[in-house]
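Peer 1: Sharing a structure with you now.
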Amino acid sequence: MDSRGTGDDGRHPTDGTDSSSIGADDAPPGRDGSGDGVVIPVNFGSGTPRRGDAPSSPDAEPDLSADIDGDPVFEDLVIELTARQRRFVEVAAWTLADDVYDAIEEVHRRPESASHGSSILNDFPPATWTQPAAWWREQARCFDDLALEAQAGIDPDPVCTGEEMALHLILGRARAMATDESDRRMDLVGSIAAHDNDDDWEGPLDFLFQDHDVLTLFDNDLEPFPGAANLAPDNWFTPFVDTESRRPDRGFRR
């Protein structure tokens, strides 16, 4: 993919990694009611196969994707974001990355008063709340990497669990921005041609993800699906099998 290894593209310089820990013993299970939270409607049966998966049996149906192009039956099939959606996704991704970076700094500066209840960190599965600052900086960079892809005019393509979780939050924020009736909405996309699918935010939940296994981490009573990979926080930034990893020397924006 062309966007792999794009780095910071001239944005803020790299700085050192803060290894201080983020505690979450008092983290509430719910949201803070500030209005910034998002609801992510997901059909767990949806999603494309995980990279590298083989057909389930020798009798599996053949790949007919080559016959789709030009077939009037599939003429209206949406398999990518519209230009306006991609713009909302880009802005949402940059904003959420900054929210995570800000939360890291706040917890480091005032650990005795900082709480996940008033932080973007509360939007992540509880299993992540006690991760150290260095882990959270990796997570913030997941948002940045996906933002760079959208900025380049291509759909975000998550390569690890951290990026899949980031993309879920990005789509929720982008959808909220797209339905905002304020002037800011038109400032972002007013110059971009409208498309019939601009308001379809359900389709991307299917074609942008391999699966939605990461969302099972929000329910302690729900067993992970058989074959679910890289759900432990220590493995969130491990690239999926047969996926091109991002440049390890790309640094951090903040």
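The values are calculated or read from the model by the stated rules, or taken from the named source; none is laboratory data. These numbers were taken from a predicted model, which means no experiment stands behind them. As a convention, Cβ positions derive from the backbone with ideal geometry for all residues, glycine included, and neighbour counts pool all protein chains shown. Note: areas computed on protein heavy atoms with side chains; ligands, DNA, RNA excluded. Shrake-Rupley method; radii C 1.70, N 1.55, O 1.52, S 1.80 Å.
Peer 1: How many nm separate the modelled label positions at Ala127 and Ala228, each set 7 Å beyond the Cα in the direction of the Cβ?
Peer 2: The modelled label-to-label distance comes out at 0.6 nm.
Peer 1: Here is a further query. Report, as a whole number in µm² per second, the diffusion coefficient that Stokes-Einstein gives for segment 174-220 at 20 °C and 1.002 mPa s using the Kirkwood radius over alpha carbon pairs.
Peer 2: 163 µm²/s
Peer 1: Any idea what diffusion coefficient segment 154-241 gets from Stokes-Einstein, in µm²/s, Kirkwood Rh on alpha carbon pairs, 4 °C, 1.567 mPa s?
Peer 2: Answer from the Stokes-Einstein relation: 86 µm²/s.
Peer 1: With a/c under 1.5 counting as rounded, go ahead and sort segment 197-247 into rounded, prolate or oblate using the C-alpha gyration tensor (a ≥ b ≥ c being the square roots of the eigenvalues; past the cut-off, prolate if a/b is larger than b/c, else oblate).
Peer 2: oblate
Peer 1: A further question on this structure: For the ranges 141-147, 206-212, 248-254, what's the packing order if you count other beta-carbon atoms within 10 Å of each residue, average per peptide, and put the highest first?
Peer 2: The peptides rank, most packed first, as 141-147, 206-212, 248-254.
Peer 1: A further question on this structure: Apply the a/c threshold of 1.5 to the C-alpha gyration tensor of segment 112-192 and tell me whether it is rounded, prolate or oblate.
Peer 2: It comes out oblate by the Cα gyration axes.
Peer 1: Using 0.36 nm per residue of separation minus the Cα-Cα distance, give me the extension gain between Asn220 and Ala83 in nm, one decimal.
Peer 2: 45.6 nm
Peer 1: In segment 150-182, which residues have a backbone nitrogen under 11 Å from the label point lying 7 Å from Phe207's Cα in the Cα-to-Cβ direction?
Peer 2: Inside the label zone: 155.
Peer 1: Right, another one. Please work out how much accessible surface Thr179 shows to a 1.4 Å probe, ignoring ligands, DNA and RNA, in Å² rounded to 10.
Peer 2: About 90 Å², ignoring ligands and nucleic acids.
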